[in-house]
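The next block holds one structure in the form of structure tokens; read it before the comments.
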Amino acid sequence: MNEKPPNQPGRRHRPPNRVPGRSSQLRLSHVDVPREIPDQAAIFIFMRKMRGPLMAVLAVTTLGSLGLCLIPGPAGAPPPTAFQAFYFVTFTATTIGFGEIPYDFSTAQRMWVIATIYTSVVIWAYAISRLMTLAQDASFASARRAATFRRTVRRLREPFILVLGYGFIGRSVVKALDVRDRRVVVVDRDNAPLERLGTDN
């Protein structure tokens, strides 16, 4: 019978395959992994990209309306109400031009309207350019496609088969299931194969 030799005095016995200074016990922790992208992702991107232009449009509209309410009008004419001033600034910004309401403006009010018109033209041009840039943004387009896909799948009321990947094998599986009138949802990391999904016979 073999006996394990005792530890020598003055020396500590160290198990093999152990790194000095590091505990041999595993430390486990739980990490929450997100399993879906929020449906409001496209809205969040829109608000983040368009927050500045929208605030600028709101500021010029508010200041234009406030100036018409505070600047004195013609002699004996009451100042326009907040709604009347907002209404005038709104249709002036859209270049409709219904005329001065509720009465002919004073010279000071007309000077304020001129400044408001030129400022609003610049602000609206800036907002429209940012909106056109957002329409071409890759992250925003991806978020809109993801939201459309989630809504389409959520509205399905019949059982469906999930196919991961639309390569050669995935395409064959989809065709076989389509012949049997089975509902199929295809998921692929690349958008190029998915664009051929509606044209494949």
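If the chain linking residue 103 and residue 135 were pulled fully straight, counting 0.36 nm for each residue of separation and taking away their Cα-Cα distance, it would gain 7.3 nm.
The stretch 77-128 and the stretch 170-186 have Cα centres separated by 60 Å.
Quote the relative contact order of the stretch 144-195 in percent (integer), defining contacts as alpha-carbon pairs under 8 Å separated by 6+ residues.
38
Give me the extension gain from residue 160 to residue 187: residue separation times 0.36 nm, minus the current Cα-Cα distance, reported in nm with one decimal.
8.4 nm
Ordering 116-123, 181-188, 150-157 by mean Cβ neighbour count within 10 Å, with the highest value first, yields 116-123, 181-188, 150-157. If you take the square roots of the eigenvalues of the alpha-carbon gyration tensor of the stretch 84-148 and sort them as a ≥ b ≥ c, do you get rounded (a/c under 1.5), prolate (a/b over b/c) or oblate? Cα axes put the stretch 84-148 in the prolate bin.
Rounded to the nearest 0.05, what FRET efficiency do residue 180 and residue 148 have when you use their Cβ-Cβ distance and R0 = 35 Å?
Here the calculated transfer efficiency is 0.85.
Each reported figure results from applying straightforward, stated rules to the coordinates on display, with no laboratory input. Bear in mind that the values here come from a model prediction, so they are computed numbers and not experimental data. Cβ: placed from backbone, ideal geometry, glycine included. Neighbour counts: every protein chain shown.
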